[in-house]
1. State whether the residues of the range 33-52 include one that is of a type outside the set (Ser, Thr, Tyr) and in contact with a helix residue (DSSP H, G or I) (Cβ under 7 Å, 6 or more places away or on another chain).
2. On the given criteria, is Arg26 of a type in the set (Lys, Arg), part of a helix (DSSP H, G or I), surrounded by 10 or more Cβ atoms within 10 Å (Cβ to Cβ) and modelled with pLDDT of 90 or more?
3. Kindly indicate the residue of the range 35-72 that is more than 30 Å from Trp24 (Cβ to Cβ) and basic (Lys, Arg) and also surrounded by the most Cβ atoms within 10 Å (Cβ to Cβ) among those meeting that condition.
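The values are calculated or read from the model by the stated rules, or taken from the named source; none is laboratory data. These numbers were taken from a predicted model, which means no experiment stands behind them. Methodologically, a virtual Cβ is constructed for each residue, glycine included, from the backbone with ideal geometry; neighbour enumeration extends over all protein chains shown.
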Amino acid sequence: MELGFDQEKNRQERLAFVRKHALWVRRVPNEVWSREQADLIDAFLANAGSYALSRARYLEMHQALAKRRRPGSVDKHGFA
């Protein structure tokens, strides 16, 4: 499958973001990052109805991705 972007570059950018965020979480007080995390989750939940992705479609996508990554370790619901 041909993708329109550099997968390795994308992976490196994601890893860099995770490392940067992990350093921030370690550096700031729990009350600060915990409140920001709660605000982010609340925003996701408040906006969840705006997405046209059904539960069934999400599970289909999850199952397809899991099969590609870990062949043979996926149950009928798409979970490892």
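1. Yes, the conditions are met somewhere in the range 33-52.
2. No: the conditions fail for Arg26.
3. Lys67
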